Structure formats: structure tokens, C-alpha cells
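Data first, discussion second: the structure below is written as C-alpha cells.
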Amino acid sequence: GQKAISSEAKGPLLTASFNLSEYFKQFLFPQNECELHDFRLSFSQLKWDNWIVAPHRYNPRYCKGDCPRAVRHRYGSPVHTMVQNIIYEKLDSSVPRPSCVPGKYSPLSVLTIEPDGSIAYKEYEDMIATRCTCR
Amino acid sequence: SQASMGESQIGASENLESEADPWSLLLPTDGNDSPGLLPPLFKVLSDRRGETPKLQPDSRALYYMKKLYKTYATKEGVPKPSRSHLYNTVRLFSPCAQQEQAPSNQATGPLPMTDLLFNLDRVTVMEHLLKSVLLYTLNNSAASSSTVTCVCDLVVKEPMSSGRAPPRAPYSFTLKRHRWIEIDVTSLLQPLVASSERSIHMSVNFTCTKDQAPEDGVFNMPLSVPPSLILYLNDTSTQAYHSWQSLQSTWRPSQHPSQGSVAAHPVKEEASEVEKSPRHRHRR
């Protein structure tokens, strides 16, 4: 098709390719995609350091960002999430879009001094977010 | 309505500013502090914000628990997957009272019986005892090259013991290498902790002889400070981390400890391996 393409024919071709890239943009992932963010804090900031001996630093992490429309494979979201998205886009925008929330956690080990002077080592469930999901 | 909206916004911002303390963000706005709302860690800490603990723990006990913490968790506080123990709570208690009695009879040699009183109020009903040890710290001057054989007499006085003969724990250790000695008292304490006894009164004494010079008779056991009582517990509450659920292995504490037996294990200097996991155990 090389011959078929002449200089004047390039115009509409360029337009088409431009529309094509515009078309695909809607499927790209949002710039601020839903993902895990760090938030390192020390227990002294919360005035807990006279009770909590360890750890010195605690990073509970958090999830923030927009959920892409095609969430299925990347976030382990249930089909309900896509249904909710369609409702928001096509039927009723008062229904909120799916939210970016933690989907998996890890425990935290804490060493504390008890009021009676005894010392306790305890492991608490779900204290650090390790994965985000759209729900 | 604009004016009232403005007033309510101002009210809200003042309200937020006044609540600069993070704790008020955790407490329900209706003021009543429903305990179910806060996980135990935050509940406990929200009750204590800003205060300092009434009683400070013994520095050696704190050193030992910090070593234990480093063994079980990373710097960020995440429990290490390599650990194979089943407990998610370890509590160390220092005796709230200790007195030495004159030796009741010559049989126990010149060493006085030591009375120890432990208050276990901090143990919750959801915490089930898996293992318990008396932890002795040896002072450095005790280091000597000779092997020492000790017999430990340990009697639980209150709650009234069931009249059993005091358990004996013949065991030997060389003083120079060990900084801590652990005496397993699980079989003694298990029924007491299970029956929600929270005040344990026991008396302990060591009778030691040097193997190379038994003619010297017993000698004074250089135990620098009264022992601590360590409880290894499984907290069954929902907020506690249950690693063993992922192992799908059911673990039962020793069902029938031999009557009156009190096992003792000298613990190496590092005290890092608080519990040796036998090599042959295959992790699933």
C-alpha cells in the first residue's frame, strides 16, 4: 500500500491515528492510580513512647488513588466493582465510584510496659496495610 | 441558611482544632467510651496517654524482653515468619514481694528458702498459658570454670498446693557461659492460670555442689536478683495475630507432664533462642 499513500492522503490518516490514541486514552490507568503509600510515624509523635518500648518506628501504610475502570485483573476486585462503576457512569452518578481501600494486612509485634511494671510482648492482627483493592 | 451553614462550619473547625490530640479521633463522638470500638492495644494506650508507667520494670528484665523482641520481630515490628512458636503473647512479671526465710532444716543446706509473690492480673481470660518459666539472672562474678550441679526445690504455697511433694529439678550447668537460667514451671502454673488464679506465692531454693570438689559441700548460689516469671500465652481474642492458623497444625500443650517434674534449661548468653525448635520438626 506504499503507493496508495500519497502526501495529500496523509491528512485524514493522521487525524484517524490521532482519534485512535484519544480513544485508547480512556483505557489507560489514571495518573494517580490506586496504590499503597507509606506513612512512617514514631510512637513518640503519638505520646505512646513511654509505654511502647518497641518498635520505634511504625509504618501502617494507606491506600490512595483513583480506581481504573477495568479493575478486574489488577486489584482482585469482585465483578460487583465493575457493576458499581457502570451504575455510576451510565445510570446514577449519585452512586459512588469504587473506592481504593486496603485489601490485605500484616500483623505488628509490640513490646509494652504495663501499669504494674510487667512487660508484655504481643502480636496484633491487621496493623499494617500490605495491598490495595478497589471496592 | 447560609448564616447557619457558616456557623456550623466554624463550629466544626473549632471542634477539630480542639481535638488536636489523636486520641479523641479514635473515641466515639457520643462521648461514651464503648470498649468494643477500640482494639485492646488502642484501648489500653488511650487510657494511658501521656502518663508514665507507675512501676518501672527491672532493667535486666527489659533487656531480656528486648532480646526476645528482636528474635521474633523485624525492626519495623513485623513478626518474623521464621519463628515456629505458637504463642502470640509473652508476659514477664517481676516478683512484687520477696523474702528469705532461714533454712527450715539442715536438709536444704545453708541456702535460705526464697519466697516469691507474683501478681498476674494483667493476664486476660482470652490468654491461654502454653509455657511458663522462672528466669534467673546470674551475675558475672558467678562465672567459674567448674561445672555446678544444682537441685532446685520449688513449692507453690498459694493458692494452697494440693499437698504434693515439692518438685525437684536436678540439672547441671557451667556458670561461665550462661547469663540466664530458665526453670520450666509450666506443669505447676498451668492449672492455676487456667483457674484464673492471679496471685501466685511460691518458695524456691537451690542446693548446689561443685562436681570437682563435692567435699566442699553446698555453696551459696550467686543469684544476683530475684527471678522473673515469664508466661508464654496464646491470646485467642480476634485482634491478636494467630500465625498457627496458617500452619493448619493443631498444637496441644504437654497433656500429661510427669507429676512434680520441673525441667530446667540453662540459656546461652545471647538468650536469643528463647525456645529451641527441634531440628527434626518439618515446617509445613
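Note on segment A:108-135: residues that are free of Cβ contacts under 8 Å to residues at least 24 places away in the same chain and more than 7 Å from chain B (Cβ to nearest Cβ) amount to 1.
Exactly one residue out of A:Tyr105, A:Tyr58 is facing chain B (nearest Cβ under 8 Å) and in contact with an Asp or Glu (Cβ under 8 Å, 6 or more places away or on another chain): that is A:Tyr58. Only one of the numbered conditions (1) at pLDDT below 90; (2) within 14 Å of another protein chain (Cβ to nearest Cβ) is violated by A:Pro78, and that is (2). In segment B:57-84, which residues are farther than 16 Å from B:Tyr136 by Cβ and among the polar types (S, T, N, Q)? Answer for segment B:57-84, where residues must be farther than 16 Å from B:Tyr136 by Cβ and among the polar types (S, T, N, Q): B:Thr71, B:Thr74, B:Ser82, B:Ser84. Within segment B:90-121, if we keep just the residues that are assigned to a loop (DSSP other than H, G, I, E, B), surrounded by fewer than 17 Cβ atoms within 10 Å (Cβ to Cβ) and within 14 Å of chain A (Cβ to nearest Cβ), the residue that is modelled with the highest pLDDT turns out to be B:Asp121.
Exactly one residue out of A:Ser21, A:Ser44 is more than 26 Å from B:Thr238 (Cα to Cα), within 14 Å of chain B (Cβ to nearest Cβ), small (Gly, Ala, Ser) and surrounded by fewer than 16 Cβ atoms within 10 Å (Cβ to Cβ), and it is A:Ser44.
The values are calculated or read from the model by the stated rules, or taken from the named source; none is laboratory data. Predicted model, so just to flag it, every value in this text is computed and none were measured. Here the Cβ is made from the backbone with ideal geometry for all residues, glycine too, and neighbour counts use every protein chain on show.
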